[in-house]
1. P(r) tail for the range B:74-171, what percent of Cα pairs lie past 20 Å?
2. Which entries of A:89/B:430; B:72/B:168; B:103/B:168; B:103/B:430 show an alpha-carbon separation above 23 angstrom in the structure shown?
3. Can you compute the helix-only [θ] at 222 nm over chain A? Use -39500 (n - 2.57) per DSSP H run of at least 4 residues, normalise by all residues, nearest 500 deg cm²/dmol.
4. Give me the inter-chain shielding for B:440-449: mean count of other chain Cβ atoms within 10 Å, whole number please.
5. May I ask you to order B:370-381, B:256-267, B:408-419 by the average number of other C-beta atoms within 10 Å around their residues, highest value first?
6. Could you work out how far apart the two model spin labels at residue B:481 and residue B:468 are, taking each label as a point 7 Å from the Cα in the direction of the beta carbon, and quote it in nm?
7. For chain B, what does -39500 (n - 2.57) per DSSP helix run (n ≥ 4), summed and divided by total residues, give at 222 nm, in deg cm²/dmol to the nearest 500?
8. Using 0.36 nm times the number of residues separating residue B:352 and residue B:244, minus their current alpha carbon distance, what extension gain do you get?
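Values in this text are rule-based calculations from the coordinates and carry no lab data. Note that the structure is a prediction, hence the values are computed from the model and not measured. Neighbour counts are summed over all protein chains in view; Cβ atoms, including those assigned to glycine, are modelled from backbone coordinates with ideal geometry.
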Amino acid sequence: MFRPSPDSWSGLALAALGVYIVLQTRGWEYLSQEGPGPAFFPRWYGLAIVVLGAALAVAGAKSASVNWRGAGRALGTWAVLAGSIAVMKFAGFALGFAVLTYFLVAWMYRRPPLQAALVAGGMVAVFYLIFPLALGVSFP
Amino acid sequence: MDIASGLLHGFAVALQPANVLWCFVGVLLGTIVGIMPGLGPPATIAMLLPLTAQMSPAGAMIMLAGIYYGAKYGGSTTSILLNVPGESASVVTCIDGYQLARKGRAGAALGIAAIASFIAGTFGVVALMLVAPPLARLALAFSSPEYFGLMALGLAMVVLLAGRSLVKALLAMLVGLWIAGIGTDPFGTTSRFTFGRMELLSGIDFVVVAIGVFALGEVLANMEAREEPQALPVPKGLRNLLPTVQDLRDCRFAFVNGSVIGFLIGVLPGAGSTIASFISYGVEKAISRRREAFGTGVIEGVAAPEGANNSETGGALVPLLTLGIPGSGTTAILLAALVLWGFKPGPLFIAENPQLFWGLVASMYIGNVLLLILNLPLVPLFAQVLRAPAYVLYPAIIGLSMVGVYSVSGSVFDLGLLAAFGLLGYVMRKLDYPSAPLILGLVLGGAMERALRQSLMMSEGSLTILVSRPLAAAMLSCALLILLVPLFSRLNAWRLQAMEEEE
């Protein structure tokens, strides 16, 4: 009986990506009088992804399970990173980066709030000195 | 002018105090630019170009070339210490360099990177001086089918970059090809896989993917542990920070491999140092007696790609100076600089401007020595970065990644992409998908599609053009062989297992 494992799921997801690529290429020219069109190359690697993804889904059924312990912390960090990028769009890099650093230091590494604030402020100041001031590279 | 008198003449130009100063300024700026992710030599040279109008052409060219090859030295630093590739050509250095740092051998890795860069960089200059004109003519024989063969050979290296599963490595590479295909069709106006977003029309920059998958993926993986991780070990004492005699012995072939492959690939316009570093890493792994240890922190895994990306600089100057063909973004800006100063790079360039050509060659010898002197003493200083506590180091890596990506595109949308690729890198780690094949597919995808479609246009749709030209056929055969070797070894293993079971 087919018992899905992480490899099976990733194989299925990639096969679905391959199907999406192949379906997209149906809307573009494959071959014209001038030569191959925009669909030519993607269709072939799309088909290869479908075949290999399906092979992994089937062959990977017996693969070992993945240890997801701790993934919550990693994904939480990622969510705050994504949120800080959204903040940067409206409030600038300095504030978004300071919020992200504060979160990492205070929540992830459980440091006192004052220490977290000092690290966040110091980090922004050092980045400002190196990039906009010394190298002329602007902040997001 | 023969080579000996040309070189003497060149040293007379390059050793003028002002030119030595410009050389130093160039290599120092290059090293800094190489360390900063996203801030590459093309942008720096372009920014400095207006300032060179007041300088002598020889001094200006010496400084700009110094930035170009100096950046290759600096690019390895963040790859080794933080798993953040400072430059696209340093992506491969992350694979073994960062693992060495985790084992407490960051100093040895940084030292070997500097030594390999020096040896291969010097080889590149010698080769530029000796074989520039005939090699440039050979490069002209490369047409689209040969480029397709070269790209196929590069993609075949996925076999050597694969971890435990070749299928996963191939899938990662194919996803890299897909990401490379996002944007406007290179031969028309069709937009592909852009999900209706204007920002994706010009494609996804390599830097965004590489930094996301390598650096942010690593940071997210490290965030899993509830306890603060121990700072990476840094041995005390200069002697313990530099490569040992055994390290140098282990890297003997890597120095040669990186030098030769880097130069030859550099001569081919459009191939670039990233491909050179991937191929030399693949070759080093293929011929190594401890190939299974690659990826876990092998010193040759740093020496080969670092050598290749430095030797490539000498190679890339061959088509630029002898044919007037720029092979990369940086050499295109150097070409613009030469034209701006009133020169005509082409077959007559060396004969008409011996002072500039030989002055540049001699300055590159001096520049490589300066870089070694500059970089080796800085190894212990750079290695101290690893002593920083995790709660300072990880936010710094994230900040550096964001500023690096933004400096390339100037778009906040790319920061969103960076976060997305960071998540992809983390998931790939969890599911045991190797990251390097994804980058390989991304680097080669665009050039491979262009070469294939141009070849088929030349042959009016006939695929035989790819095998009827000797050079293209040879490279495709090699690629096929590399891909099939693991299959044969697996079949052989099954056969032996079946025989044992029968007995």
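1. 60
2. On the way: A:89/B:430 30 Å; B:72/B:168 31 Å; B:103/B:168 27 Å; B:103/B:430 21 Å.
The pairs that break the limit, which is 23 Å between Cα atoms, are A:89/B:430; B:72/B:168; B:103/B:168.
3. Values: 5 runs with 88 residues, N = 140.
Computed ellipticity for chain A at 222 nm equals -21000 deg cm²/dmol.
4. On the way: counts 0, 1, 0, 0, 0, 3, 1, 0, 2, 6.
For this peptide, the per-residue mean of nearby foreign Cβ atoms is 1.
5. Numbers: B:370-381: 17.9, B:256-267: 26.7, B:408-419: 19.8.
The peptides rank, most packed first, as B:256-267, B:408-419, B:370-381.
6. 2.5
7. Numbers: 25 runs with 364 residues, N = 503.
Mean residue ellipticity at 222 nm (helix-derived): -23500 deg cm²/dmol.
8. 34.2 nm
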